[in-house]
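**Q** Supplied in structure tokens, the structure appears directly below.
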Amino acid sequence: MYTKDGEKYFIVDAHVALWDARPENQRNIHGKQFIDCFYDYHRNLSPEEEVWPYEDYLYQGSERLMHDLFEIGYVDHAIFQPAHLGEFYNNGFGQTEEAFQLAKANPDRLTYNHHWDPRNGEAGLEQLRADAEAYGLKGVKLYTAEWHGESRGWKFDDPWAHRYLEVCQELGITNIHVHKGPTIRPLDRDAFDVADIDHIATDFPELNFVIEHVGLPRLEDFCWIATQEPNVHGGLAVAMPFIHTRPRYFAQILGELIYWIGEDRIQFSSDYAIWTPKWLIERFVDFQIPEDMTEYAPLTTDQKKKILGLNAARMYDIPVPAELDILPAPETLVGPRQPEAADLGATAGV
Amino acid sequence: MARSAATVAEGTRSDTPGPRSREEQVYAALGSVVDPELDEPVTDLGFVRSVAVRGVLVEVHLRLPTSFCSPNFAYLMASDAKDALVALPWTDRVVVELDDHHDSDLINAGLAADAGYRGTFRHEAEESLDQLRETFRIKAHTAAMERCLTGLLRARPDLAEESLGEVTLGDLPDDEHTAALLRRRTAVGLPARAEARVLVDHRGRPPADVPLALRRARSTRISIDGNAHFCRGLLATRYGEEPAFIPLTTLTKENR
């Protein structure tokens, strides 16, 4: 819970990780390259006083995570979105057992999402069923640039991905978080393209698809897909810290999102431990669209409350104290949601 | 692999007399290589780490903001750089290497062997990178168009958004945004006539819904601008103290 100027904000951090990138867990040079890339993200986009030493960044452990999120970070509930990266780290990047045990010990504060990979075929489907039961899964995090033997990525138009989604639907794993990564086969086309989400969102209307990083670096493609599908949402991981380094760009991202997908389908996340939630939440509550950006309406307090927690809480059935809840906005299910609906049918192909 | 750009440049300073040193010619040739995603020359982005010229031999090292930048874009820039240098009349042996990337070994071996895109990426390549280039040429045109039209809207508040569909190239001011739009139009094969409409897709078709088309174009422009900023920032964070390569002769002239 965060309180400012008499307003109370229920906070859900919809994308956190408990990783281990220490040298003894690095399987090869790519393990080091990967965490170094994250660390550069962290150093580049954090306020100076929030930058961690490299050693702290390699591994946090349960205790520090609980401290950073819940003791000082205002977070009411956080959702693990692990990246496996089995080709880069001996015991994986996301620490499954440690994160799951932590969630088990703190069920009112933590939700554990797991992952699957369509290239694991039948055996992976069996594993998914076992994992669903063991972890009580409500959601999964899927990283399309995961390396897997000779393959360095997969897409949702893979028939196996379809089968895995069918099993998710059957098992009630309704929240599918998607992170589009850069390496994919074939390399002929843009790997970050989110067009394949369009098809699965239509094919699986009962599932929620949360596109992490709001499609960045393809914000425009994400907005266009998401505006046409009622079950595509945007996760603000990685977009959030621009609030510090480039507030005008952050204003544009938010302005575009609210126009194209509306205020009920945007989820806050710190992407812990890339960044920590405390400063992001404080700044977001204080944030406003600059006055000269007349193409966007000012952000309302209700919109901020929804983005910071209520939207994700609704998706995950996380109990919210009645006095803090707000009803969804009366928005159309598809088409630009705000400031006014538009007939997309008339402009198809533009 | 790491080398100091300043040292390399100094070693070749007195190499070739003439109107432009060979080093400057190399740098100018590299200036024609564009990051398709960001629509900016690799020289402006700081991606040129070092240039070494010894007679007819040229060795260039490139660098990118992260180890995990998309390998197809990385390859495109590196192979375009090699093509541009081979095209210089005096070069005999050209080495272009990409440093510190997860695919450095693969890409550098492919470049050294002139293996081409398919030969370099083997089973990960299907046909060519033409479609990838085309996708980003179209995005670059869309963004350039939006910059011009939004500029016009800000300069002329009386102008209704709905009327932007009627704006022609001749209505635009003679400024850098218009010049950039004309270049992008040429790149996608659109005419540069004064009476040609500005708000069109890459095939010259006007939109049915003008405000919506402008909104879509705006999201493309915001995305490209944001990525360019992020990439520059990450590159600066990653390489910190180590400056990008700039020919010493250029530096000297600028200092005068």
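**Q** Tell me the residue from A:Arg189, A:Arg218 that is at the interface with chain B (Cβ under 9 Å from one of its Cβ atoms) and surrounded by fewer than 23 Cβ atoms within 10 Å (Cβ to Cβ), please.
**A** A:Arg189
**Q** Could we say that B:Ala192 is closer than 30 Å to A:Ile243 by Cα and surrounded by fewer than 18 Cβ atoms within 10 Å (Cβ to Cβ) here?
**A** No, not satisfied.
**Q** Moving on. Test of understanding: among A:Trp147, A:Trp160, A:Trp224, which residue is without any contact (Cβ under 8 Å) to a residue 60 or more places away in the chain and either within 14 Å of chain B (Cβ to nearest Cβ) or touching a Ser or Thr at 6+ places or on another chain (Cβ under 6 Å) (or both)? Even if it seems obvious, please write down each step before you answer.
**A** On the way: A:Trp147 fails: without any contact (Cβ under 8 Å) to a residue 60 or more places away in the chain; A:Trp160 fails: either within 14 Å of chain B (Cβ to nearest Cβ) or touching a Ser or Thr at 6+ places or on another chain (Cβ under 6 Å) (or both).
That would be A:Trp224, the only listed residue that is without any contact (Cβ under 8 Å) to a residue 60 or more places away in the chain and either within 14 Å of chain B (Cβ to nearest Cβ) or touching a Ser or Thr at 6+ places or on another chain (Cβ under 6 Å) (or both).
**Q** Please find, within the stretch B:200-225, the residue that is surrounded by the fewest Cβ atoms within 10 Å (Cβ to Cβ) out of those that are at the interface with another protein chain (Cβ under 7 Å from one of its Cβ atoms) and more than 24 Å from B:Leu182 (Cβ to Cβ).
**A** This residue is B:Ala208.
**Q** From (1) within 10 Å of chain A (Cβ to nearest Cβ); (2) exposed (fewer than 14 other Cβ atoms within 10 Å of the Cβ); (3) of a type in the set (A, V, I, L, M, F, W, C), pick out the condition that doesn't hold for B:Ala112.
**A** Unmet for B:Ala112, out of (1) within 10 Å of chain A (Cβ to nearest Cβ); (2) exposed (fewer than 14 other Cβ atoms within 10 Å of the Cβ); (3) of a type in the set (A, V, I, L, M, F, W, C): (1).
**Q** Here is a further query. Tell me yes or no: at least one residue of the stretch B:101-121 is assigned to a loop (DSSP other than H, G, I, E, B) and under 19 Å from the mean Cα position of the chain (by Cα).
**A** Yes, because at least one residue in the stretch B:101-121 is assigned to a loop (DSSP other than H, G, I, E, B) and under 19 Å from the mean Cα position of the chain (by Cα).
**Q** Same structure again: Looking only at the stretch A:192-213, which residues are more than 14 Å from chain B (Cβ to nearest Cβ) and among the small types (Gly, Ala, Ser)?
**A** A:Ala201
**Q** Can you tell which of A:Leu171, A:Leu142 is more than 14 Å from chain B (Cβ to nearest Cβ), without any contact (Cβ under 8 Å) to a residue 60 or more places away in the chain, closer than 22 Å to A:Ala14 by Cβ and surrounded by 18 or more Cβ atoms within 10 Å (Cβ to Cβ)?
**A** Working: A:Leu171 fails: surrounded by 18 or more Cβ atoms within 10 Å (Cβ to Cβ).
None of the other options fit; the residue is A:Leu142.
**Q** Report whether or not B:Phe47 is at pLDDT below 95 and closer than 21 Å to B:Thr237 by Cα.
**A** no
**Q** Hey, another quick one. Is one or more of the residues making up the stretch A:333-342 modelled with pLDDT of 85 or more and more than 14 Å from every other protein chain (Cβ to nearest Cβ)?
**A** yes
**Q** Residues of the stretch B:144-199 being of a type in the set (Gly, Ala, Ser), within 25 Å of A:Thr294 (Cα to Cα) and touching a strand residue (DSSP E or B) at 6+ places or on another chain (Cβ under 8 Å), which ones?
**A** Hit for the stretch B:144-199 is B:Gly165, nothing else.
**Q** If we scan the stretch B:78-91, do we find a residue that is at the interface with chain A (Cβ under 9 Å from one of its Cβ atoms), buried (at least 20 other Cβ atoms within 10 Å of the Cβ) and at pLDDT 95 or above? Explain how you work it out, then say what you get.
**A** Kept after step one, since they are at the interface with chain A (Cβ under 9 Å from one of its Cβ atoms), are these residues of the stretch B:78-91: none.
No, because not a single residue in the stretch B:78-91 is at the interface with chain A (Cβ under 9 Å from one of its Cβ atoms), buried (at least 20 other Cβ atoms within 10 Å of the Cβ) and at pLDDT 95 or above.
**Q** Right, another one. Taking interchain pairs and intrachain pairs at least six residues apart, which have beta carbon atoms under 7 angstrom, with the first residue in the stretch B:226-239 and facing chain A (nearest Cβ under 9 Å) and surrounded by 17 or more Cβ atoms within 10 Å (Cβ to Cβ) and the second assigned to a helix (DSSP H, G or I) and hydroxyl-bearing (Ser, Thr, Tyr)?
**A** So the pair list comes out as B:Gly226/A:Tyr249; B:Gly233/A:Thr245.
**Q** Would you be able to tell me the number of residues in the stretch A:227-245 that are closer than 22 Å to B:Ala236 by Cβ, over 16 Å from the mean Cα position of the chain (by Cα) and within 12 Å of chain B (Cβ to nearest Cβ)?
**A** Of the residues in that region, 2 qualify.
**Q** What's the total number of residues in the stretch A:111-138 that are basic (Lys, Arg) and either surrounded by 18 or more Cβ atoms within 10 Å (Cβ to Cβ) or within 21 Å of A:Lys180 (Cα to Cα) (or both)?
**A** Restricting attention to the stretch A:111-138, the residues satisfying the condition of being basic (Lys, Arg) are A:119, A:129, A:138.
Still in the running and either surrounded by 18 or more Cβ atoms within 10 Å (Cβ to Cβ) or within 21 Å of A:Lys180 (Cα to Cα) (or both): A:119, A:138.
The total comes to 2.
**Q** Hey, which of the strands (runs of 3 or more DSSP E) in the stretch A:1-113, taking only ones fully inside, have at least 3 residues that are in contact with an Asp or Glu (Cβ under 9 Å, 6 or more places away or on another chain) and in contact (Cβ under 8 Å) with a residue 40 or more places away in the chain?
**A** Counting at least 3 such residues, we get A:12-16, A:77-80.
**Q** Filter the stretch A:2-20 down to residues that are of a type outside the set (A, V, I, L, M, F, W, C) and in contact with a Leu (Cβ under 8 Å, 6 or more places away or on another chain) and give me whichever is surrounded by the fewest Cβ atoms within 10 Å (Cβ to Cβ). Don't jump to the end; show me each part of the working.
**A** Let us first name the residues in the stretch A:2-20 that are of a type outside the set (A, V, I, L, M, F, W, C), namely A:2-9, A:13, A:15, A:20.
Filter again for in contact with a Leu (Cβ under 8 Å, 6 or more places away or on another chain), leaving A:2, A:8-9, A:13, A:20.
Details: A:Tyr2: 21, A:Lys8: 12, A:Tyr9: 23, A:Asp13: 29, A:Asp20: 20.
The extreme case among them is A:Lys8.
**Q** Do any helices (runs of 4 or more DSSP H) lying entirely in the stretch A:226-307 carry at least 1 residues that are of a type in the set (Ser, Thr, Tyr) and in contact with a Leu (Cβ under 6 Å, 6 or more places away or on another chain), and which ones are they?
**A** Filter on the stretch A:226-307 gives A:242-245.
**Q** Still on this model: Answer yes or no: is there a residue in the stretch A:273-281 that is at pLDDT below 95 and either in contact with a helix residue (DSSP H, G or I) (Cβ under 9 Å, 6 or more places away or on another chain) or within 23 Å of A:Val51 (Cα to Cα) (or both).
**A** So the first thing to find is which residues in the stretch A:273-281 are at pLDDT below 95, and the list is none.
The answer is no; no qualifying residue exists.
**Q** Please verify whether the stretch A:309-320 includes one or more residues that are within 14 Å of chain B (Cβ to nearest Cβ) and either in a loop (DSSP other than H, G, I, E, B) or modelled with pLDDT under 95 (or both).
**A** Checking the stretch A:309-320: not a single residue is within 14 Å of chain B (Cβ to nearest Cβ) and either in a loop (DSSP other than H, G, I, E, B) or modelled with pLDDT under 95 (or both).
**Q** Within the stretch A:171-188, how many residues turn out to be closer than 18 Å to B:Phe121 by Cβ and either in a helix (DSSP H, G or I) or at pLDDT 90 or above (or both)?
**A** Of the residues in the stretch A:171-188, 2 are closer than 18 Å to B:Phe121 by Cβ and either in a helix (DSSP H, G or I) or at pLDDT 90 or above (or both).
**Q** Now, a different point. Got a sec? Which of B:Leu149, B:Leu169 is within 22 Å of B:Arg205 (Cα to Cα), touching a residue at least 12 places away in the same chain (Cβ under 8 Å), out of contact with any Ser or Thr (no Cβ under 8 Å at 6 or more places or on another chain) and surrounded by 18 or more Cβ atoms within 10 Å (Cβ to Cβ)?
**A** Selected residue: B:Leu149, the only one of B:Leu149, B:Leu169 that is within 22 Å of B:Arg205 (Cα to Cα), touching a residue at least 12 places away in the same chain (Cβ under 8 Å), out of contact with any Ser or Thr (no Cβ under 8 Å at 6 or more places or on another chain) and surrounded by 18 or more Cβ atoms within 10 Å (Cβ to Cβ).
**Q** Further, regarding this structure: Among the residues of the stretch B:93-122, how many are more than 28 Å from A:Asp36 (Cβ to Cβ) and either modelled with pLDDT under 95 or not charged (D, E, K, R) (or both)?
**A** 5
The values are calculated or read from the model by the stated rules, or taken from the named source; none is laboratory data. Values in this document were obtained by computation on a predicted structure and should not be read as measured data. All Cβ positions, glycine included, derive from the backbone under ideal geometry; neighbour counts span all protein chains shown.
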